[in-house]
1. Looking at (1) within 23 Å of Pro489 (Cβ to Cβ); (2) surrounded by fewer than 21 Cβ atoms within 10 Å (Cβ to Cβ); (3) modelled with pLDDT under 95, which is the only condition Leu77 fails?
2. Here are some conditions: (1) outside any loop (DSSP other than H, G, I, E, B); (2) more than 24 Å from the chain's Cα centre (by Cα); (3) not small (Gly, Ala, Ser). Tyr546 meets all but one. Which one does it not meet?
3. Suppose we filter Arg206, Arg198 for residues that are assigned to a helix (DSSP H, G or I) and basic (Lys, Arg); which single one remains?
4. I need the full set of residues from the stretch 452-484 which are among the aliphatic types (A, V, I, L, M) and not in a loop (DSSP other than H, G, I, E, B), in order please.
5. When you go through (1) in contact (Cβ under 8 Å) with a residue 40 or more places away in the chain; (2) under 23 Å from the mean Cα position of the chain (by Cα) one by one for Tyr534, which number turns out not to apply?
6. Under 6 Å between Cβ atoms, at least 6 apart or on separate chains: pull out the pairs that start in the stretch 47-74 with a residue that is closer than 24 Å to Tyr532 by Cα and open to solvent by 10 Å² or more (accessible area, probe 1.4 Å) and end on any residue that is among the aromatic types (Phe, Trp, Tyr) and not in a helix (DSSP H, G or I).
7. Which number in (1) closer than 30 Å to Tyr130 by Cβ; (2) charged (D, E, K, R); (3) free of Cβ contacts under 8 Å to residues at least 60 places away in the same chain marks the one condition that Asp566 misses?
8. In the stretch 282-307, what count of residues is obtained for those that are in contact with a His (Cβ under 9 Å, 6 or more places away or on another chain) and open to solvent by 30 Å² or more (accessible area, probe 1.4 Å)?
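The values are calculated or read from the model by the stated rules, or taken from the named source; none is laboratory data. All of these numbers come straight from a predicted model, not from anything done at the bench. Every residue, glycine as well, gets a Cβ built from its backbone with ideal geometry; the counts of neighbours run over all protein chains shown. Surface accessibility is based on the protein's heavy atoms, side chains included, excluding ligands, DNA and RNA. Shrake-Rupley method; radii C 1.70, N 1.55, O 1.52, S 1.80 Å.
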Amino acid sequence: MAFAVGTTKPTAADKPERSPTERKSTITLRATVLGIVLTGITDLWLHWAELVLGGRGHTALAGTSIPVGAFNILFALVIINLLLTRFLKPLAFQPAELLVIYVMMTVSTVISSSGGLHFIVPGITAAFYYANSSNSWAALFHKNIPDWIAQKDPVALYGFYVGNTHVPWAAWRTQMLTWTVFMSLVALATLCVVAILRRQWIDRERLTFPTVAVPMEMMRDGAGFFRDRLLWLGFAIPFAIDVMNTVHLNIPTVPYIPTRTADQPDLGVILNAPPWNAIGSTPLSFYPFVMGIAYLLSVDMTMSCWLFWLVTKAEAVFGSAAGMSAGATGGGQSAWPFIGHQGAGSFLALTIFGLWLSRGYLAEVWGLAFGRRRGANLPADDADEPMSYRVAFVGLAACMAGLVAWCVAAGMRPWVAITVLSLSMMYMIAAARIRAETGNAWLFGPDVDAYRLMTTAVGTTVYTGADLTVLAYLRNAIASFDLRCLSMPNQSDAYKMADGLGVRKRQLTGALAFAIVAGIAVSFAIALMVWYQYGAGAKTDAWRTYMGKQPFDQLSDALSTPVKTDIPGVLATGAGFAITAALLLLRSHVTWWTLHPVGYAIANTPTMNQVWLPFFIAWLAKVMVLRYGGIRLYRRSLPFVYGIIVGDFIAGGLTTVLGCFTGINVYPTNW
């Protein structure tokens, strides 16, 4: 059952069994030190690949469901550990040590990439660097920007965009501190949420968590993982394709087998006659790692994802055939079939209604945290949890209070700050749930993000200029549809793997918190050094620079041309909420119901439009395997599927490393 009814209480059977030995696995100092060192190295690799290599191609190292940079380093550590086990056994790593190193990298480095630091830092500089007499930004909103959230120093701004100079650390000291605090509070708040929901998601509902299967098998099985010939057969196929494609980009006479959406036909171009042309962009893709991860899902889930995506296309065709307007309505923000608004309502329902269905569990946890121990079936204490429930609730409240105070100090009114932070947190919880159940390649929310939802519901006239200005800064940090920088899914994965490997979660929490805070500060400094060397407006990736400027173009429009309430958009959001709530109830109460609310939610985001074909192929393959070979053949096929995932990611990592050192063109494997 995907969503447990709220009045059902957890029982002893809901908790995974662990042996006494597994309970005693501890985290060592060397693992923690190595984890933070490798986090810094991965950040440097990430910034160099995505900022400097940029347009010449690279595999995204942090923004996919299994972070490629951290996974490649884990792969190397496992190989090294096999050698240590054979020749220097006292120095060999235990699975618990490999786990802490890996998850310290995943929870921290993801914040550095697209949707995170790569958008936030250019956003800190954009409002003043791009201001000129033609856009009148200075008159429109400069007065609303406090010194501590933006870079205003002309010399510092010039160096950032032109490059070939050193970082003026004194000019950046305040901004680095304030934004590191903000990002740390967000990540620590989600860590507290994960601690509260861990038992519900992992022990009771037993969510799939497909992204932990391969890393956990590598850490737990070691040499046994690599002995299976099917693994290497699966490995060889995507590895050979990816390497050959990179060679093709540098030597065009070498053939290539495209797998990305950018290199495939688009059905939206082929079907160019009305009403079929209303489907819009519908690219084909054959991402090996997406097919591999989707194969690990239930057939109900994969079918729900591609089927609901197909419904979104049918809605567009129906609207065109019926003569419905394809133009914007209600203030220029929405149009049939309101895909982004449906997605927004679905994300909110996954969180709000999902928590309501879990209200019995939450009541038990609250009682355990604050002294009212109800329910004989609940464990006697929370010693085996990531943190005590009291600390989790108090920590969440403190982090949210700190974020509200940060926004209010920047000039936002308290109710606006509470609204945007609450909406953003609900989006994050829904996104983490979707990742845990689908392993979706890229964590995109609906394009009606928290910022657009706020303006959709009430327009922009209810907000002051200061409210909208701070919202512009927050959009890249927390209120954007691009949630690839979100640490929360990787935090959940960490505790899922800790259960499987018998690692003490309380100790792991300390390592994760340390990696988050220290990693953000180190990554911020590394990113500045790269930008000041190569220039955000000169030799680094132009798209990331543009994403820093975009919120202020939108801010200028909002201040110059206020938007009214978008009634059709509000209704579409309500429809998305109602459909998801109905699907949640059906999954909870009707045993034969197969369509999953998470499939509806992800279908109304940009992600599914990129990966619908890999999901369909994985669904079809698994249906055939189960029908003709049963569960035995499915289990035997898993090493082959694991090999596909490993081969795709290792090829992407190795070619990106080679590109960083040589400057060659690299075929991206995951975007």
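1. Single failed check for Leu77: (3).
2. Result: Tyr546 passes all but (2).
3. Arg198
4. Those that are among the aliphatic types (A, V, I, L, M) and not in a loop (DSSP other than H, G, I, E, B): Leu453, Met454, Ala457, Val458, Ala466, Leu468, Val470, Leu471, Ala472, Leu474, Ala477.
5. Every listed condition holds for Tyr534 apart from (2).
6. Qualifying pairs under 6 Å: Ala60/Trp671.
7. Here Asp566 clears every test but (3).
8. Residues that pass the stated criteria total 3.
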